[in-house]
Every structure is written in C-alpha cells, then in structure tokens.
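To start, the structure under review is shown below, and the notes come after it.
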Amino acid sequence: MTSTSRLDDRLDRESCYRAVKSRDRRFDGVFYTAVRTTGIYCRPSCPARTPAYRNVTFHPSAASAQGAGYRACKRCLPDATPGSPDWDVAATAAGRAMRLIADGVVDREGVDGLARRVGYTPRHLSRILTTELGAGPLALARARRAQTARVLVETTDLSFADIAFASGFSSIRQFNDTIREVYASSPTELRGRRGRRSTTGTVTMRLGVRTPFAGRALLDFLAYHLVPGVEVAGPGWYARTLDLPHGPGTVRVELTDLPHTPQAAFVSATFELADLRDTTAAVERTRRLLDADCDPLAVAQHFTGDPLVGPLARRHPGLRVPGQVDGDETAVRAVIGQQVSVVGACTVAGRIVAEHGRAVSSAIPGLTHLFPDAATLAEVDPTTLPMPRSRGRALVGLAGALADGTVSLDRGPDRHAVRDALLALPGIGPWTADYVALRALADPDVFLPTDLGVRNALVGLGADPTAVLAEQDGWRPWRSYALMHLWNTLMPPTAPVDDQLGTGLDSKEN
C-alpha cells in the first residue's frame, strides 16, 4: 500500500466524500480532495461538480496533494483556505510545526531550526509530518511559499523578482518553476487573469477566515487594550507595529462582522514592511491575532444547549479569541496587567514602550514604536519601572527567561511544558500563565476562574459564580471561547468603562 493510500484511509474516505458532496466549508483546510481524472486538487467546498467516488483521493495538506502530482484548482483556490483548527485544539508536534512553518521558520533557519524549536530531531520530525500531513517540512514550506507568491502576484503590482524574494524563494527560476508546477500557469498568466492592482510601498492581502466572524467584537477588545505608540484603532479598523525577523513593519486590518456564508470570506490586511522577506511572517502573525483558523460553527454547536453561554454565542456568532503577533510581548503585558485595571495597564505599558521601545516611522499616525524586546527589558533596573518593585522584578525576571530561551513562546514547545516553565518564575502565578496560554499559545481550552472580570460578568448575567465555576468543565474543549463570551458582556463598544475586565487575582502575583 502506498503512503497516499494509507493517508486516504486514515482520513476516512466515506466521511470525507460526504463532506465533499455537501460542500461543507467547515472542512476547508482540514483535508483536500484530489481528482485523478482532472489532475487537480480542491477544497471540500469547491462549487464544481462533485467528482465520482472512485476518482478521488483525500490529502491532509496541500503539500501532500502537490507531492502526489496534483495542481491547485483555479476555481476554489484550495491553498488559500484557513489552516486546520485541529492544529490548535490538539497542539500536537505536527500542528506546532505547521504554525512555525507558516511563520517562515524553515526559510530562515532550515529544517534543523524547525526541529530544534519543536524539540525533536530533524529525521523524527520529518517522519511525524509525513505521517500526519502527507509531506515533509521542505514540501510543506514550499507549498506555503507558493500560496504567498500567488496572492502577491494576483493582488499587488510588485515585480516578480520582489514577489519571489518576499515569498521566500531563493531564486527567480525556483519561483517560476514552482508557480507553473502548482498552478499550471506562469506568473504572468496569474497576474493577467486577476488584473493588476497598484501598491505604493505597501502590500495588501486578503486573509481567509471561516465564517461567521465577529470582527466588531474583536475590534472592541483590541481597541480597549491599546498600548500607546504600538497600537491604534478607528471605526472598523485596527493597526499596530510588528517586530519581524528582518526589520520592523506595520499592519492595518479591516474588522467588520462577516455572516455565515457558503462562499470564501476574507479580512483585508495592509502591511508596510522594511524587508519583503518578512511577508510570510507578517501574514501568519496577523492570522494568529485574528484567530483566523478557528472553526466557529463547531464552537457554537458545543454551546447550543448551555443555558449561560448558549444565548451569548447566538448573540455574537463567530466570536474569536484575540491572539498575538509576539508571544513575548503578550507575556510581558500580562505581568504589567497583574492587579491593575486594563486602562492602568495600558498606560504603564505605554510608558515602558516610550522609554525602552525602538522608534519606527509609519504612515499610520500614532504608530511610533516597537514593543521592547525581551533582551532589552532583561537589562532594565526593576526599580525604574512604573510599577510596584515586586512586579518590576517579576517582569525583568520573565524577560530574562524569554531572552535566554528558558521560556519559549513561539508555539513550538508543548503547552504544558511552557506553563510549567512560567510557573517556576518568581511572581508568575496561574492567572498569568493561563492568560499567556490563552493569547500567546492559542490554547482553546483555557479558563480563568480567579479573574475578577469573569466574576463580574457572571453576576451581571444573574448567575451564581460559585455554581457556574464548579461546572466549567462542561465547556471543554472550548473554555477559551466561553471566557471570551463572558468578557464580551463587559466590553465597552468604544471607550473603556469597566476597569476590572481581565484583572488577575493570583496571590503569588502580588
């Protein structure tokens, strides 16, 4: 039996084919359908006529289908689907590796660097990825480069040389050959089919998301937690600076509600990058921020019969858990937010940014600095920080652990190991460790029972906090989304009102 056949069997042909017949968009990105008679592969929701059962095979990744000799469908663009939600739910080694591949780690550090971050030997990691996703790390990275290149070809006026450079290809020839092989078209043909769009020193891309997508609620959360100099927001949009591997950048995303639709849905993002090689990393980190790979229908179905969260989920379909563009920044901001209001934490963070952040220039007013990196904060005298000395020592100690690799928040290590490493640091208690898991590690099953905002939300809903918290296990494996629905009841739509939202109360963190 071939490797493709084994993967095909593991995906359960009958279930996959039923999803293809019903054009179920929930499975886009979970598996791909390859059609022997046409030589193309599609997303499950492809609107084309359903192929005969005997003519299809199923693949767990676009790279697997490409490796088997299939080209991407020009109608449904299967390579542009959101990533599998299983990567965050299970957080297996394969899922963690895929997040790093999407961030461009293979392009920057090679397979050895990827394996080191995940904690395996390169050979063993390659075996894991081939078993789980049907392709090794190089093939998976190549598929990601091809997808980034296609989007840039079709949506920007960048030269093909710049696009090849931005997508991670090592040469123009490699770029041309890959585009022809994957899409059965030359770069010129791809651009001509979509028409050219001009750019003026920026790159605008469409980021695929599953619907429904509660963009306005996500914007309200991000706008409430703005750090001056690093983030700004306005009606329908949010922008921030990005500290990327090859230089600084900014992103502005348009955030509106997207109802459930059988068609593909996208969020528009405009990037300013000092170095085009950071395109892949910038896109992936923005997708993390948006929780773009979430399966909102699966989450909503889980809460359907819940008397507390069920009505909230129906009121705000597609609510996301806000992620992050830098795990280290999230952890530092969590420590700053211990025992203080959100407004106070943002003010303190802004002062630290102004004092220790690196100044950048941007066309977006208000974006003036990068958030200070861990190495910089590790050298700061705790007594000079605008916070109690014990918290200042905790912040500097955390920064030191992040800088020397004792704690890694790049989503490569196992989540439980990261939590244990955080809890071993002075001044880091369960609330901070779990908040970091919620936002930096994209753990979908985090709850903060000691959070004052949670208790205020429950009281506001007329529920008994003690009774509800005792039954929180019923919300597994989506407790993070239950938490967001509770916090969302306290969220001011424009200006902050309730200063107690998201306040940690662990005694160890005093």
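The values are calculated or read from the model by the stated rules, or taken from the named source; none is laboratory data. Worth saying up front: this structure is predicted, and the values here are computed from it rather than measured. Don't worry about glycine lacking a Cβ; one is built from the backbone with ideal geometry, like all the others, and counts go over all protein chains shown.
Key figures for this structure:
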item	result
The stretch 480-505: number of residues that are assigned to a loop (DSSP other than H, G, I, E, B) and either at pLDDT 50 or above or of a type in the set (A, V, I, L, M, F, W, C) (or both)	12
Given (1) modelled with pLDDT of 90 or more; (2) not in a loop (DSSP other than H, G, I, E, B), number of the condition residue 46 does not satisfy	(2)
Residue in the stretch 434-454 that is in the same structural domain as residue 388 (by TED's automatic domain parsing), within 22 Å of residue 315 (Cα to Cα), at pLDDT below 95 and surrounded by 19 or more Cβ atoms within 10 Å (Cβ to Cβ) present	yes
Neighbours by Cβ (under 8 Å, 6+ apart or cross-chain): first from the stretch 321-333, over 21 Å from residue 220 (Cα atoms); second among the aromatic types (Phe, Trp, Tyr) and at pLDDT 95 or above	332/371
Residue identified as surrounded by fewer than 15 Cβ atoms within 10 Å (Cβ to Cβ) and without any contact (Cβ under 8 Å) to a residue 40 or more places away in the chain among 421, 375, 401	375
Extreme residue, farthest from residue 319 (Cα to Cα), among residues of the stretch 455-479 that are over 27 Å from the mean Cα position of the chain (by Cα) and in a loop (DSSP other than H, G, I, E, B)	464
Conditions (1) modelled with pLDDT of 95 or more; (2) more than 23 Å from residue 429 (Cα to Cα); (3) out of contact with any Gly (no Cβ under 9 Å at 6 or more places or on another chain): number failed by residue 298	(1)
Residue within the stretch 137-152 that is more than 23 Å from the chain's Cα centre (by Cα), within 21 Å of residue 246 (Cβ to Cβ) and of a type outside the set (Val, Ile, Thr) present	no
Residue satisfying all of: in the stretch 350-372; in contact (Cβ under 8 Å) with a residue 40 or more places away in the chain and either in a helix (DSSP H, G or I) or touching a Cys at 6+ places or on another chain (Cβ under 7 Å) (or both); surrounded by the most Cβ atoms within 10 Å (Cβ to Cβ) among these	353
Criterion: outside the structural domain of residue 75 (by TED's automatic domain parsing), closer than 18 Å to residue 79 by Cα and free of Cβ contacts under 8 Å to residues at least 60 places away in the same chain - qualifying residue of 211, 178, 148	178
Check on residue 402, within 21 Å of the chain's Cα centre (by Cα), part of a helix (DSSP H, G or I) and closer than 30 Å to residue 104 by Cα	yes
Helices (runs of 4 or more DSSP H) enclosed by the stretch 68-121 - at least 1 residues per element that are over 19 Å from the mean Cα position of the chain (by Cα), touching a residue at least 24 places away in the same chain (Cβ under 8 Å) and not assigned by TED's automatic domain parsing to the domain that holds residue 439	105-118
Residue selected from the stretch 19-43 under the condition free of Cβ contacts under 8 Å to residues at least 60 places away in the same chain and part of a loop (DSSP other than H, G, I, E, B), by the criterion farthest from the chain's Cα centre (by Cα)	37
Residues (of a type in the set (A, V, I, L, M, F, W, C) and farther than 18 Å from residue 396 by Cβ) located in the stretch 334-353	342, 343, 346
Residue list for the stretch 409-453, restricted to those being aliphatic (A, V, I, L, M) and under 17 Å from the mean Cα position of the chain (by Cα)	409, 436, 437, 438, 440, 441, 442, 446
Residue within the stretch 124-139 that is under 23 Å from residue 275 (Cα atoms), part of a helix (DSSP H, G or I) and touching a residue at least 60 places away in the same chain (Cβ under 8 Å) present	no
Odd one out for residue 238, checked against (1) assigned to a strand (DSSP E or B); (2) touching a Pro at 6+ places or on another chain (Cβ under 9 Å)	(2)
Among (1) on the phi > 0 side of the Ramachandran plot; (2) buried (at least 19 other Cβ atoms within 10 Å of the Cβ) - the single one residue 247 does not satisfy	(2)
Pair list, Cβ under 6 Å, 6 or more apart: the stretch 276-293 residue assigned by TED's automatic domain parsing to the domain that holds residue 221 and under 17 Å from residue 326 (Cβ atoms), other residue acidic (Asp, Glu) and crowded, with 23+ Cβ neighbours inside 10 Å	281/103; 284/103
Residue check for residue 17: surrounded by 22 or more Cβ atoms within 10 Å (Cβ to Cβ) and either of a type in the set (Phe, Trp, Tyr) or touching a Pro at 6+ places or on another chain (Cβ under 6 Å) (or both)	no
Meets criteria (of a type outside the set (Asp, Glu) and within 25 Å of residue 44 (Cα to Cα)) for residue 105	no
Residue that is in contact with a strand residue (DSSP E or B) (Cβ under 8 Å, 6 or more places away or on another chain) and of a type in the set (Val, Ile, Thr), where the choices are 153, 182	182
Residue check, residue 43 surrounded by fewer than 17 Cβ atoms within 10 Å (Cβ to Cβ) and of a type outside the set (Gly, Ala, Ser)	no
Residues located in the stretch 278-308, provided they are surrounded by fewer than 20 Cβ atoms within 10 Å (Cβ to Cβ) and of a type outside the set (A, V, I, L, M, F, W, C)	301, 302, 304, 305, 306, 307
Check on residue 72, modelled with pLDDT of 90 or more, under 26 Å from residue 171 (Cβ atoms), surrounded by 22 or more Cβ atoms within 10 Å (Cβ to Cβ) and of a type in the set (A, V, I, L, M, F, W, C)	yes
